[in-house]
Amino acid sequence: MTEKTNEDPMQWFREARLGMFVHWGIYSVLGHGEQPLYRELLNPSEYAKLADQFRAERFDPHDWTATAKAANMRYMVLTAKHHDGFCLWNTNTTRYNAVERGPKRDLIAEYVRACRKVGLRVGLYYSLPDWSIPAFWSGPENDRKGYRDFIRMGWRQMEELVSNYGRIDLLWFDGSHWPTAQQWRSTQLVKMIRSHQPDIIINDRLPKPKAGGDWGYATPEQRIGGWIDEPWESCITSTRKFWGYHVCHEDPAMWYTDRELLTMFVQCLSSGGNLLWNVGPYANGELPTRYKEQTRRLGDWVRRNRKAIYGTRPARFEFAYGGFQTVKGNRLYLFFLFWPGKEYSLPGFNEKLRSARFVDGGGTVDTVQEPHRIVMKNLPSDAPDPCTVVELTFDAPPTVHEWAACRLHNYPMPPMAEWARL
Ligand code: FHN
């Protein structure tokens, strides 16, 4: 059992803002994403032979963690077992694993040690469905004993993962609506997990019983989550479609652009969530150069604008024409994605504006504060950065005229002609 700390387990998660998702397994040998067995109706016994072609011969977990750190990612989530049932760790539940076959290495042990070495929080992805188990497909009504053994195997595998590798910070369950919460006995399962890892965070993909359960942060997939007061995380593929390596990833057009990545990240920030940015490594364990270079560029931008990112909360002032925003105490951060050129006006605030400056470099922004708006003047004609962040410091936490906060939703409003006199 790892020691229980006094910290709120969700605190590191809230503050992380950015993580690295890794989908890697024997499917990576084929280069058809992470689900070819099911999506392309492959012969299961032929597919299982990939376990001996999956050698991870160039797997260097320290290169993975160096990539995450260069991107300012604070946690990593690796597929310990995806739906195909192949286990990347030294499990006693099946010989279909990376120690008995292919790499002949405990890849999870190496991954966890490398993350710990550089202070990355450790996440493990675990698929609740297991396509390699016939009883999973036949279901309890057709194979009662086989299904019970499948559930027992799952419990044993999860107990191995949370008791044999030191502190695990995050369990990223995945799967489908079956087995159900009742079949998993998910409340007792979480109790077992926490008996080994009292501070562990569990996402929302382990089914909960009707009575509910005290686990589960939201995991919107391939989209940006909405602003809720609870922690959440958008998981998104860096290559638009596949989570596991796909040969189409050799086409640059399959990769999101830097601007698209930056926009998605800023959208997550401004709505209070994290971005879990996925990579599908090659079967040999190498990360695509494109992922490493793109996330390093993102990391450079994060470092230059970190004060607008960490420790901030969502803000809902009218800034739709400029981009997205965060707030921290007396400071409002404007993430300009649509650079306006020389001048931009914000609706009025009740507090006195003390200063305005570019976060990156600290240059002053000329402003005029009128009763109903703040005007930023003499801005550079061209955007200083793909996402330029301006910091507005007020004499108190900013609040905006009640008619100005997202005023498209505040009816009735005074006639526009009267706004300047408000
Ligand atoms: O079916 C999986 C898919 O392969 C991938 O692992 C994603 C990642 O969130 N989860 C499931 C689809 O929702």
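What the table shows:
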quantity: Boolean, Arg259 is in contact with a Pro (Cβ under 6 Å, 6 or more places away or on another chain) and open to solvent by 40 Å² or more (accessible area, probe 1.4 Å); calculated: yes
quantity: Meets criteria (in the same structural domain as Val247 (by TED's automatic domain parsing), within 29 Å of Val266 (Cβ to Cβ) and open to solvent by less than 40 Å² (accessible area, probe 1.4 Å)) for Tyr125; calculated: yes
quantity: Pairs, first over 16 Å from Gln325 (Cα atoms) in the range 337-348, second crowded, with 16+ Cβ neighbours inside 10 Å and at pLDDT below 95, C-beta under 9 Å, six or more apart; calculated: none
quantity: Leading residue by the ranking (most open to solvent (accessible area, probe 1.4 Å)) among those in the range 221-243 that are in a loop (DSSP other than H, G, I, E, B) and in contact with an Asp or Glu (Cβ under 8 Å, 6 or more places away or on another chain); calculated: Phe242
quantity: One residue from Glu221, Glu230, Glu141 being under 22 Å from the mean Cα position of the chain (by Cα) and modelled with pLDDT of 95 or more; calculated: Glu221
quantity: Residue match in the range 342-362 (condition: out of contact with any Lys or Arg (no Cβ under 9 Å at 6 or more places or on another chain), small (Gly, Ala, Ser) and modelled with pLDDT under 95); calculated: yes
quantity: Tally of residues being open to solvent by less than 30 Å² (accessible area, probe 1.4 Å) and out of contact with any helix residue (DSSP H, G or I) (no Cβ under 9 Å at 6 or more places or on another chain) across the range 349-362; calculated: 5
quantity: Boolean, Ala253 is at pLDDT below 95, in the same structural domain as Tyr27 (by TED's automatic domain parsing) and open to solvent by 20 Å² or more (accessible area, probe 1.4 Å); calculated: no
quantity: Top-ranked residue in the range 15-53 [being part of a strand (DSSP E or B) and either open to solvent by less than 10 Å² (accessible area, probe 1.4 Å) or hydroxyl-bearing (Ser, Thr, Tyr) (or both); ranked as nearest to the ligand (Cβ to nearest atom)]; calculated: Phe21
quantity: Complete set of residues in the range 284-309 that are of a type outside the set (Val, Ile, Thr) and open to solvent by less than 20 Å² (accessible area, probe 1.4 Å); calculated: Gly285, Leu287, Pro288, Tyr291, Gln294, Leu298, Gly299, Trp301, Asn305, Ala308
quantity: Ala51 modelled with pLDDT of 95 or more, over 28 Å from the mean Cα position of the chain (by Cα) and more than 30 Å from Asp300 (Cβ to Cβ); calculated: yes
quantity: Where Asp204 falls short, out of the listed (1) within 16 Å of the ligand (Cβ to nearest atom); (2) in contact (Cβ under 8 Å) with a residue 40 or more places away in the chain; calculated: (2)
quantity: Flag for Leu78 being open to solvent by less than 20 Å² (accessible area, probe 1.4 Å) and more than 25 Å from Leu170 (Cα to Cα); calculated: no
quantity: Top-ranked residue of the range 132-156 - restricted to ones that are in contact (Cβ under 8 Å) with a residue 12 or more places away in the chain and charged (D, E, K, R), ranked as least open to solvent (accessible area, probe 1.4 Å); calculated: Asp149
quantity: Flag if Phe265 is crowded, with 16+ Cβ neighbours inside 10 Å and outside any strand (DSSP E or B); calculated: yes
quantity: Count of the range 1-50 residues which are basic (Lys, Arg) and without any contact (Cβ under 8 Å) to a residue 24 or more places away in the chain; calculated: 2
quantity: Residues satisfying the stated conditions in the range 157-196, i.e. within 16 Å of the ligand (Cβ to nearest atom) and either surrounded by fewer than 17 Cβ atoms within 10 Å (Cβ to Cβ) or within 28 Å of Ala16 (Cα to Cα) (or both); calculated: Leu170, Leu171, Trp172, Phe173, Asp174, Gly175, Ser176, His177, Trp178
quantity: Subset of the range 63-122 (residues that are within 16 Å of the ligand (Cβ to nearest atom) and either assigned to a loop (DSSP other than H, G, I, E, B) or more than 16 Å from the chain's Cα centre (by Cα) (or both)); calculated: Ala80, Lys81, His82, His83, Asp84, Gly85, Phe86, Cys87, Leu88
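The values are calculated or read from the model by the stated rules, or taken from the named source; none is laboratory data. In this text, all values refer to a predicted model and were calculated from it rather than measured experimentally. In this analysis, Cβ positions are derived from the backbone assuming ideal geometry, glycine residues included, and neighbour counts consider all displayed protein chains. For accessibility, only protein heavy atoms count, side chains too; no ligands or nucleic acids. Shrake-Rupley method; radii C 1.70, N 1.55, O 1.52, S 1.80 Å.
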